[in-house]
Every structure is written in C-alpha cells, then in structure tokens.
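The values are calculated or read from the model by the stated rules, or taken from the named source; none is laboratory data. All values reported here derive from a predicted model rather than from experimental measurement. Please note: Cβ atoms are built from the backbone with ideal geometry, for glycine as well, and neighbour counts cover all protein chains shown.
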Amino acid sequence: MFEIKPSVFAVRDSYIIMVPSPSPTVMWVKVGDRCFYDDSNGILRSDTRVHRMTVPAAVLDNARSYTVCVREMIERKPYFSKTGEVIEETFAFKPIEGDTFRAYHVSDAHNMIDEPVAAARAFGDVDLLVMNGDVPDHSGKIENFDNIYEIAWQITKGRIPAVFSRGNHDLRGIAAEKLADYTPTDNGRSYYTFRAGPVWGIVLDCGEDKRDDHPEYGNTICCREFRIRQTEFIKDVISRSESEYAESGVKYKLLIAHIPFTRDLVSLFQSEKETFIEWASLLREHVKPHVFMAGHEHELSVDRVGGEQDFIGQPCTVVIGSNIRHAEDYYAGTGFEFSNDTVKVTFTSADGSIQGTDEFEIEK
C-alpha cells in the first residue's frame, strides 16, 4: 500500500509510535507477545492520516524491536466492513543507555525537509532526536504535518526515540486546532515530561510569540491562560519529583521549548514577564535542568547563566539551535554530546560544514 515509516516519541513513561498513513487503514504494533492498537475506546481508527500506538517505555526498551501491523480499509460499513490482509514490518529499536548519549536538535525547518536531514547527518549517528517547533511553516492544512514525520523518519528510521515540541507557527491556520490529534502529546497536552533511559526532560509550550490581542491572530488565540496552566503543571511536576527528575537512574535533565522565554522578546516578554520569571525560578530552584534547548530566533548561540541574554535568571545554559535562510536553501541545526559532567555543542549545516562548537559543564 505504502512505505511504513514509524517514528517513536517519548512522552511521560511511554513511547508513542506515530505512523503516517496516506490512505485509510487500521493499525497496531506488536511488541513481544503483546499488541498495542490505535483505537478509540475499542474501535480501530481508520479515518486519520497519522496512526498512534502507545507502548510502555519499559516494554519496548526490553524488547528492542516492534512490528507495525497494517490492514487496508477497503470499505467501512455499519456491518461487515471490508479490510485487506495484514501487512507487517519489524523495526529494531535502540533505547538510550549508559552514561553518554548524542542528540540532534531540529527546529524552524519551515517546510524544508532535505536540508534539516542533511544537517543532522553531518553530525553523525545520534541516540535522540529533538524536534522543537515550526517544522511546517504553518498549520493551514493537515497535510503540512507530514513534514514532521518525513524528517523524523529520515533521521531516526524508527530506531531511536524522538521528542516533539510545538512552535508558534504551528498555532497558525485552520488545522492548528487539530494538531494535537496528529502529533505526540500527553492526552492532548502539548506540554509534558518524558523519560528515555538516563534522560529526563520537560517540554514547555510558550504558544504564540505576541500578545493574544495582536491583530495578526484575528481573535483566535488565548495563550495567556494556557501559560498559566503550565505554571501549575511545573508545580505539579515538582511535587512529584521522586517519580520525575529525581527518580533513580536520571542522569541528564533537559528543558525543551521552542521560544527561549528567558530572553527579552519584546511583545511576548513584556506581557508575560512575570509568568516567565516564575517558570525560570521554579525550574532553577527545584528541577535544575542541565540544558535548555530552544529555537525560534533563527540563530546558533549559547546563552550562559548571567550572560547578556539572561534577563530573568536562566535555570541553566540556553542553546538556541537552528538557523534558516530560505533564499539560500541554508539550514543549520545542533548536535549535542552529553558526557558525564560536560555538554559539547556542534552546529552543523546542510552542506556538511560545522558552523561552530562550544562546550560547557553540567551544573550539579
């Protein structure tokens, strides 16, 4: 029917296996002797462009492989629906293990596919892919979301975990309200925590990059209350620290958000400064993340605590890791090497060149 291209996203203590489906199908995955279905309360879903199957992380980590099972939906009727034969394909899976790991950060691709993939390949093999917003240019149509899964597939081949974070351009267009149905979320929430071996992370979503009443949005945005809900979410994570960032085996703690909210970003920063101050304070005093991965600014930079870009008390070093120039078909992303007490950052571009490097110690 079509090439099966799964991506495995880490959300909370599970993996969500996402598989694009250009034609009507039903789908499930087999891990060992268990099946995990894409269903709605016991009904296999067929009316979707992207299937999702949730597997407990421990189950897939132990099995180290999974099998995607697909049936073509020939005709769905109230009685005696017609489906095709089962097509199966098995994929190896490599969980993150040990004291070191490599990650690649893709943000602000804005419809580019080949260039971000080439930039990632210039960095080499990785153990984790971070997709940090604005991968499509907007959400004007559901087909735009296909770019997310094409990039994820070409980089991971479904064999390593990935993390997805929403960007501000993802809020724009009629399909934006359906984005949660087509991307990995925590029961529909675009902010969540995740665990992948020794890596724990928190994904935050700043929403749009201007005030809710900005005329650009045409009265379609209510991100202020959305951010307030995330303040309560951060507090809840802190209250459960022993099962989150302080859990046994956690060695690296990541903060991921498309917008680097510790910078002075004019309209958004001024209207939400108190909210972002509270976020930074809670994260700095309790969670103590080791690195903040961000995009949005279309630059490659490392903002250290107390530096000229630290306006509200960064919780950790901020790495802004994507740059794009459409007219030149230029794209650059960021590779991360985590090794005991240090993080090495390498900025790579689609032509295979290194755009710069940096290194900093992990603050305990």
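Go through the range 291-318 and count every residue that is charged (D, E, K, R) and over 24 Å from L129 (Cα atoms). Working first, answer last.
Narrowing the range 291-318 to residues charged (D, E, K, R): 297, 299, 303-304, 308, 310.
Filter once more, keeping what is over 24 Å from L129 (Cα atoms): 308, 310.
Going through the range 291-318 one residue at a time, the tally reaches 2.
Restricting attention to the range 157-186, which residues are of a type in the set (K, R) and either in the same structural domain as M53 (by TED's automatic domain parsing) or not in a helix (DSSP H, G or I) (or both)?
K157, R159, R166, R172
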task = Identify the single condition in (1) within 26 Å of I160 (Cβ to Cβ); (2) acidic (D, E); (3) not in a loop (DSSP other than H, G, I, E, B) that D205 does not satisfy, given that it satisfies every other one.
result = (3)
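What do you reckon, is V126 aliphatic (A, V, I, L, M) and either outside the structural domain of R159 (by TED's automatic domain parsing) or in contact with a helix residue (DSSP H, G or I) (Cβ under 6 Å, 6 or more places away or on another chain) (or both)?
Working: aliphatic (A, V, I, L, M): yes; either outside the structural domain of R159 (by TED's automatic domain parsing) or in contact with a helix residue (DSSP H, G or I) (Cβ under 6 Å, 6 or more places away or on another chain) (or both): no.
Taking the combined requirement at face value, the residue does not satisfy it.
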request  = Exactly one condition in (1) among the charged types (D, E, K, R); (2) surrounded by 19 or more Cβ atoms within 10 Å (Cβ to Cβ); (3) assigned by TED's automatic domain parsing to the domain that holds R172 is not met by D114; state its number.
outcome  = (2)
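Regarding the range 17-39, can at least one residue be identified that is assigned to a strand (DSSP E or B), of a type in the set (A, V, I, L, M), surrounded by fewer than 21 Cβ atoms within 10 Å (Cβ to Cβ) and not assigned by TED's automatic domain parsing to the domain that holds I155? First the steps, then the outcome.
Initially, the range 17-39 is screened for residues assigned to a strand (DSSP E or B), giving 17-20, 25-31, 34-37, 39.
Now drop any that are not of a type in the set (A, V, I, L, M), which leaves 17-19, 26-27, 29, 31.
Then keep just the ones that are surrounded by fewer than 21 Cβ atoms within 10 Å (Cβ to Cβ); that gives none.
Checked the range 17-39: no residue is assigned to a strand (DSSP E or B), of a type in the set (A, V, I, L, M), surrounded by fewer than 21 Cβ atoms within 10 Å (Cβ to Cβ) and not assigned by TED's automatic domain parsing to the domain that holds I155.
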task = Return a yes/no flag: does the range 245-256 have any residue that is surrounded by 20 or more Cβ atoms within 10 Å (Cβ to Cβ), touching a Phe, Trp or Tyr at 6+ places or on another chain (Cβ under 7 Å) and basic (K, R).
result = yes
ask   = Residues in the range 84-108 that are within 27 Å of A350 (Cα to Cα) and of a type in the set (V, I, T): how many?
value = 3
query = Do we have K273 as surrounded by fewer than 22 Cβ atoms within 10 Å (Cβ to Cβ), under 26 Å from A162 (Cβ atoms) and charged (D, E, K, R) here?
reply = no
message = Residue pairs, Cβ under 9 Å, 6 or more apart or interchain, first in the range 134-149 and more than 25 Å from E3 (Cβ to Cβ), second among the acidic types (D, E). List them.
response = D134/D108; D134/D170; H138/D170
